[in-house]
């Protein structure tokens, strides 16, 4: 099979014809007779490409396209196949984010050619992303190796204290050093996980395991991972996240990306400063994460050379994870602090758009 295509049209005969033709030339085709039905199909099995009519009852093609963008960002190529051939309609569809616009009546061979060209273009984009990740690998490996050195030395020191019995028979002192050793081991485990993620991504390993989940636990896990560094730097961490927010994400990968950004924000903040992470529902759909700091050094790309090396590596890794989720990533300065803003496509409820 060449790929999975979702075809949406409320004309049963045309829907059947397109499905049969594309199926014969090697595509796996799912058919839907309405926008809400198509959204349910996307949640069940995201397609590689969508072909949609515009003039449909209830939710028209333009509204369906907006729902798809809120659900997946720009991650799914979109083609309008419609009898609405006016220039105004074409512009509305293309400006709304459609990748192509085909007017009925059409030749099946032309549809096949445009589908193939669009999928090839998307594959080239993915290949560019893989090359970016390959270029990122040396920097991340060097940064992780440098960061492993300190917790490893600390872990060795704490274990040597226990082994040499310098803490005597005092259970509280023994427990104290054991806790320190356990904390060091947790830091090392997180760094090794980051290293494994970069290596598997470069070598074409398993893709992100995206699934619907609550956002709050992911944010709390990221903050917990950065808490030790914040405490040692005298920086306060604050969390603001609603418990009912949800998104379709790889929780582990996304939590590690957020924790890296939090640690980078801590490193550029002064002692006594505050780093705050918040999550809220975005106006255009999806979930927006914001990390603000009181940094003395800009996190923006044009100032990365002035920042600690950990900052640049954290930004690069987070960009990769966000792009892999079909999201958007911005870094900018706001008055007396810096902010990293991340948008991730959110879940679409099965009832969304009914009667629209």
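Just a few scattered comments:
- Residue 67 being out of contact with any strand residue (DSSP E or B) (no Cβ under 9 Å at 6 or more places or on another chain), buried (at least 20 other Cβ atoms within 10 Å of the Cβ), farther than 15 Å from residue 7 by Cα and at pLDDT below 90: yes
- Within region 40-64, no residue that is under 22 Å from residue 213 (Cβ atoms) sits with its Cβ atom under 6 Å from a residue that is at pLDDT below 90 and assigned to a helix (DSSP H, G or I) at 6+ positions apart or across chains.
- Hits in region 327-339 - residues which are modelled with pLDDT of 80 or more and assigned to a loop (DSSP other than H, G, I, E, B): 327
- If the condition is being closer than 16 Å to residue 78 by Cβ and under 28 Å from the mean Cα position of the chain (by Cα), then region 1-26 contributes 3, 4, 5, 6, 7, 8.
- Annotation: residue 208 fulfils all but one of (1) under 15 Å from the mean Cα position of the chain (by Cα); (2) at pLDDT 90 or above; the unmet one is (2).
- Here the condition is being in the same structural domain as residue 96 (by TED's automatic domain parsing) and crowded, with 22+ Cβ neighbours inside 10 Å; of 78, 62, it holds for 78 alone.
- Condition check for residue 346 on (1) at pLDDT below 75; (2) over 20 Å from residue 210 (Cα atoms): one failure, at (2).
Conditions tested, residue by residue: (1) under 28 Å from residue 248 (Cβ atoms); (2) at pLDDT below 85.
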{"residue": "71", "(1), (2)": "yes, yes"}
{"residue": "77", "(1), (2)": "yes, no"}
{"residue": "81", "(1), (2)": "yes, no"}
{"residue": "85", "(1), (2)": "no, yes"}
{"residue": "90", "(1), (2)": "no, yes"}
{"residue": "95", "(1), (2)": "yes, yes"}
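- Any chance residue 137 is in a loop (DSSP other than H, G, I, E, B) and either in the same structural domain as residue 318 (by TED's automatic domain parsing) or at pLDDT below 70 (or both): no
- Hits in region 18-39 (condition: farther than 15 Å from residue 61 by Cα and free of Cβ contacts under 8 Å to residues at least 60 places away in the same chain): 19, 20, 23, 24, 26, 28, 29, 30
- Residue 114 fulfils the conditions (1) more than 21 Å from residue 345 (Cα to Cα); (2) assigned by TED's automatic domain parsing to the domain that holds residue 19; (3) in contact with a strand residue (DSSP E or B) (Cβ under 8 Å, 6 or more places away or on another chain); (4) at pLDDT 85 or above except for a single criterion, (2).
- Residues satisfying the stated conditions in region 65-109, i.e. assigned to a helix (DSSP H, G or I), free of Cβ contacts under 8 Å to residues at least 60 places away in the same chain and more than 25 Å from the chain's Cα centre (by Cα): 87, 88, 89, 90, 91, 92, 93, 109
- Residue 315 being at pLDDT 55 or above and either surrounded by fewer than 19 Cβ atoms within 10 Å (Cβ to Cβ) or outside any strand (DSSP E or B) (or both): yes
Results for (1) surrounded by 17 or more Cβ atoms within 10 Å (Cβ to Cβ); (2) at pLDDT 80 or above; (3) closer than 20 Å to residue 230 by Cα; (4) more than 15 Å from the chain's Cα centre (by Cα), shown as yes or no for each residue.
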{"residue": "242", "(1), (2), (3), (4)": "no, no, no, yes"}
{"residue": "254", "(1), (2), (3), (4)": "yes, yes, yes, no"}
{"residue": "266", "(1), (2), (3), (4)": "yes, yes, yes, yes"}
{"residue": "269", "(1), (2), (3), (4)": "yes, yes, yes, yes"}
{"residue": "273", "(1), (2), (3), (4)": "yes, yes, yes, yes"}
{"residue": "285", "(1), (2), (3), (4)": "yes, no, no, no"}
{"residue": "305", "(1), (2), (3), (4)": "no, no, no, yes"}
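The values are calculated or read from the model by the stated rules, or taken from the named source; none is laboratory data. This structure is a prediction, so every number in the text was calculated from the model and none was measured. Using ideal geometry, Cβ is built from the backbone for each residue, glycine included, and neighbour counts are taken over all protein chains shown.
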